[in-house]
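Remarks on the structure that follows.
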Amino acid sequence: MVSRALWKGQLRLSLVSIPVEVFSATKTGARFSFRQIHEPSGKPVHYDKVVEGVGPVEMDEIVKGYEYEDGKYVLLEPAEIDAVKLETKKTLELVQFVDATEISPIYFDKPYYLVPADDLAEEAYRVVRDALRKSSKVGLGQLTLRGREYIAAIKPCGDGLLLETLHYADELRKADPMFSGLSGKTSDKDLLDVATALIDKKTAPFDATSFKDNYSTALKALVQRKLKGKKAKIEVEEEDDKSKRGDNVVDLMSALKKSLEGGSAKTSASKKSTAKKKSA
């Protein structure tokens, strides 16, 4: 099944305009999901548009409203919103280029595929793709998608171009308050050396297919067992509280060295726990 384009317009680089289309790069149906069910009847729960003191209302009675004060709204008709003139509704102009590694991952929102709209657009599209790849740059612009304007980052992706929407600066929370409780101490040098060696040992090219959604797989298996009429009991083991720093340096160094040698940190920890129990 061919995906439907979410946006159609022009990718503009200076005086060059290239007809392009934007498609979602992710699949929502790939995730395991639940429906809320009314247990006595076994029927799915629906959600109605309800107004307090009025009851259910029809969709054609609903308009958008902006709350400018508590309980006070400016009402906007769909036609009024559509009439707002933004060039980014139909044109994505590359206004700046930055190094590919310059944008912090925290800004990235959602990926899309940017493809040429027809055969005539393909040559100019290839030039932009190859120029970005050769220069190791990312093109930046803005486009209006699904009712809001986004910052867009354009980069090569295989034979084509990837468009990633970015968060605006004022949409992000400051990191400092989150990390304010951490001390400014540096790591123990020996621990740091072993941890770095472990990272080097486990370094490999990124391959997303090597990671599986184990939770969804387990849920699907649970559903299959339920369908066969078998009862399943799931037990979640509570992890021991390791937050206190008693044997921390020795235990951490041992676990890191075990991992570096190909052993299991979990196995080492469980053996030590067993030994403590026996000695007690």
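List of remarks:
- For the listed peptides 40-46, 76-82, a ranking on the average number of other beta carbons within 10 Å per residue, highest first, reads 76-82, 40-46.
- For the pair region 171-208 and region 9-68, the centres of their Cα atoms are 38 angstrom apart.
- Whole-percent P(r), region 73-173, all Cα pairs, 5 Å bins from 0: 2, 11, 20, 22, 18, 12, 7, 4, 2, 1, 0.
- Rg in Å to one decimal, and Dmax rounded to a whole Å, for region 49-131 via C-alpha atoms: 21.3, 60
- Set of aspartates and glutamates with alpha-carbon distance to Lys72 below 17 Å, sequence-local pairs under 8 removed: Glu52
- A cut-off under 12 angstrom between Cβ atoms defines the neighbours of Asp99, and their net charge, with Lys, Arg +1 and Asp, Glu -1, is +1.
Readers should treat all values here as calculations from the given coordinates under stated rules, not as data from a laboratory. Being a predicted model, the structure only gives us computed values, none of them experimental. Please note: Cβ atoms are built from the backbone with ideal geometry, for glycine as well, and neighbour counts cover all protein chains shown.
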